[in-house]
Amino acid sequence: MNIQFREDSVLIDGYVNAVARDSKPMRDMEGNLFVEQISPGAFSRALESGTDVLMLLDHDDSRVLGSTSNNLRLVEDSIGLRATALVSDPDVIEKARWHELRGWSFGFVPIRQSEEEISGGSMTRRRVEELELREVSILDESKIPAYDGTSIETRDDGKVTVTRSLESPPTFIDDIMRSHKTDPPDLAEYGRRIEELEKK
């Protein structure tokens, strides 16, 4: 997440999601462990519908910071869904000043998805191929993104630099930039860590 302070606002730019990359392990309503991937092109197709996508703070419907019809620009590129927003909310400006913003997240309704078993059948991977994008959210320290985040900035010479976010764990976006590999990460360690936490 790149933040630039203006006179009475902040310009916030960053990737909401890297397509074709696994989320952190999550549990569904039945308690089943899964990871999720958004397929390339899914965001572009959702944006083509012309639906006004809201920008919220922490997925809170009462904290609307803007929308794509106003101060939010969303575009899917070769990395994923990128957001650029000019935010004048005083609370968000204060959180940005105190380095309390963690990154981006998003809310959607899956329209078409497929599933496969991974990690020896102990986990499922869900690939979302079509979706309805409802909102994107700026997250503060009270929320943990489902997807690992990075700060990705374009320099004046047009080259892209990738740095790890101080507020979130390592990401796989670095690997995309270096080699365009699409092999899924080894999730066995995530599964073991979740099992250990559940025993406590």
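Here are the numbers for the structure shown:
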{"item": "Count - residues of the stretch 112-143 that are within 29 Å of GLY66 (Cβ to Cβ), of a type in the set (Ser, Thr, Tyr) and assigned to a strand (DSSP E or B)", "result": "1"}
{"item": "Failed condition for PRO40, given (1) in a strand (DSSP E or B); (2) within 15 Å of the chain's Cα centre (by Cα); (3) more than 28 Å from GLN4 (Cα to Cα)", "result": "(1)"}
{"item": "Single unsatisfied condition, ARG112 versus (1) modelled with pLDDT under 95; (2) more than 19 Å from GLN4 (Cα to Cα); (3) among the basic types (Lys, Arg)", "result": "(1)"}
{"item": "Residue ID - surrounded by the most Cβ atoms within 10 Å (Cβ to Cβ), chosen from residues in the stretch 105-126 that are out of contact with any Pro (no Cβ under 6 Å at 6 or more places or on another chain), closer than 13 Å to ILE38 by Cβ and touching a residue at least 60 places away in the same chain (Cβ under 8 Å)", "result": "PHE106"}
{"item": "Tally, over the stretch 99-111, of residues that are part of a loop (DSSP other than H, G, I, E, B) and closer than 30 Å to ASP28 by Cα", "result": "1"}
{"item": "Among residues of the stretch 83-103, those that are among the small types (Gly, Ala, Ser), within 18 Å of the chain's Cα centre (by Cα) and modelled with pLDDT of 95 or more, counted", "result": "2"}
{"item": "Subset of the stretch 21-37 that is in contact with a helix residue (DSSP H, G or I) (Cβ under 8 Å, 6 or more places away or on another chain) and not in a strand (DSSP E or B) - its residue that is farthest from GLY121 (Cα to Cα)", "result": "ARG21"}
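For (1) surrounded by 15 or more Cβ atoms within 10 Å (Cβ to Cβ); (2) free of Cβ contacts under 8 Å to residues at least 40 places away in the same chain; (3) within 14 Å of the chain's Cα centre (by Cα), each residue gets a yes or a no:
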| site | (1), (2), (3) |
| --- | --- |
| ASP13 | yes, no, yes |
| ASP22 | yes, no, yes |
| LEU33 | yes, no, no |
| ARG45 | yes, no, no |
| VAL64 | no, yes, no |
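The values are calculated or read from the model by the stated rules, or taken from the named source; none is laboratory data. Nothing here was measured: the structure is a model prediction, and the numbers come from that model. As a convention, Cβ positions derive from the backbone with ideal geometry for all residues, glycine included, and neighbour counts pool all protein chains shown.
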